[in-house]
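The values are calculated or read from the model by the stated rules, or taken from the named source; none is laboratory data. Every value quoted in this text rests on a predicted model; they were computed, and no experiment measured them. In this analysis, Cβ positions are derived from the backbone assuming ideal geometry, glycine residues included, and neighbour counts consider all displayed protein chains. Just the protein is used for accessible areas: all its heavy atoms, side chains included, with ligands, DNA and RNA removed. Shrake-Rupley method; radii C 1.70, N 1.55, O 1.52, S 1.80 Å.
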Amino acid sequence: MAQDLTPKYTVPGIEREAAGRLIGVLRLRLHALNDLHLTLKHVHWNVVGPHFIAVHEMIDPQVDQVRDMADDLAERIAALGGVAQGTPGSLVAERTWDDYSIGRADAIAHLGALDLVYTGVIEAVRAAIKEAGDIDTATEDLLIGQLRDLEQFQWFVRAHLESSGGSLATGQAHTEEEAATRGAELA
């Protein structure tokens, strides 16, 4: 049964029911960003191999920016009159994706898996932008800014996975394990 997220009040110019739909969209994006933050820290803590320091240091600024993105989304949910549900139980119960599956692994293997993670997050943000655009341009703008940053983070990851001929090692991977294996073969 779907939860009614219609707020008792919202920002001027948006109907309460539309704000409720938008809150639902943002709630899943908040879960995705909280999950991404934890996944990035997991990679930071569990990366090994000759590319360790480069990846270890590349990940931390991404962690910080993703935390800031989550905070911005949570505050937008609150401004719309909703509840920014940021608890671990809520994240696990409501997410539509599996937990990150790579443990201690070579840096390039983690980057291969992260490429797929970023693809999933980015595709979901693009869908959220379309939904938000029908309801509220301010929320749409917030999501567009986050999309640009997420795409840049994926570009940083992919720079480690791309051949000099422009092929991406993870190009046809469908699972994190497959992407990690293909990335590790590159190393």
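Counting just the residues of the stretch 81-140 that are aliphatic (A, V, I, L, M) and in a loop (DSSP other than H, G, I, E, B), which one comes out surrounded by the fewest Cβ atoms within 10 Å (Cβ to Cβ)? If we take residues in the stretch 81-140 being aliphatic (A, V, I, L, M) and in a loop (DSSP other than H, G, I, E, B), then Val83 is surrounded by the fewest Cβ atoms within 10 Å (Cβ to Cβ). For the stretch 2-12, the criterion of a residue being in contact with a helix residue (DSSP H, G or I) (Cβ under 8 Å, 6 or more places away or on another chain), at pLDDT below 95, closer than 30 Å to Glu185 by Cα and open to solvent by 70 Å² or more (accessible area, probe 1.4 Å) is satisfied by no position.
Could you tell me whether the stretch 58-80 includes any residue that is touching a helix residue (DSSP H, G or I) at 6+ places or on another chain (Cβ under 9 Å), open to solvent by less than 50 Å² (accessible area, probe 1.4 Å) and not in a helix (DSSP H, G or I)? Scanning the stretch 58-80, I find at least one residue that is touching a helix residue (DSSP H, G or I) at 6+ places or on another chain (Cβ under 9 Å), open to solvent by less than 50 Å² (accessible area, probe 1.4 Å) and not in a helix (DSSP H, G or I), so the answer is yes. Quick check: is even one residue across the stretch 16-31 open to solvent by less than 60 Å² (accessible area, probe 1.4 Å), touching a residue at least 12 places away in the same chain (Cβ under 8 Å), out of contact with any Lys or Arg (no Cβ under 7 Å at 6 or more places or on another chain) and under 28 Å from His160 (Cβ atoms)? Yes, that holds for at least one residue. Among the residues making up the stretch 35-57, those that are part of a helix (DSSP H, G or I), β-branched (Val, Ile, Thr) and in contact (Cβ under 8 Å) with a residue 12 or more places away in the chain are Thr39, Val43, Val55.
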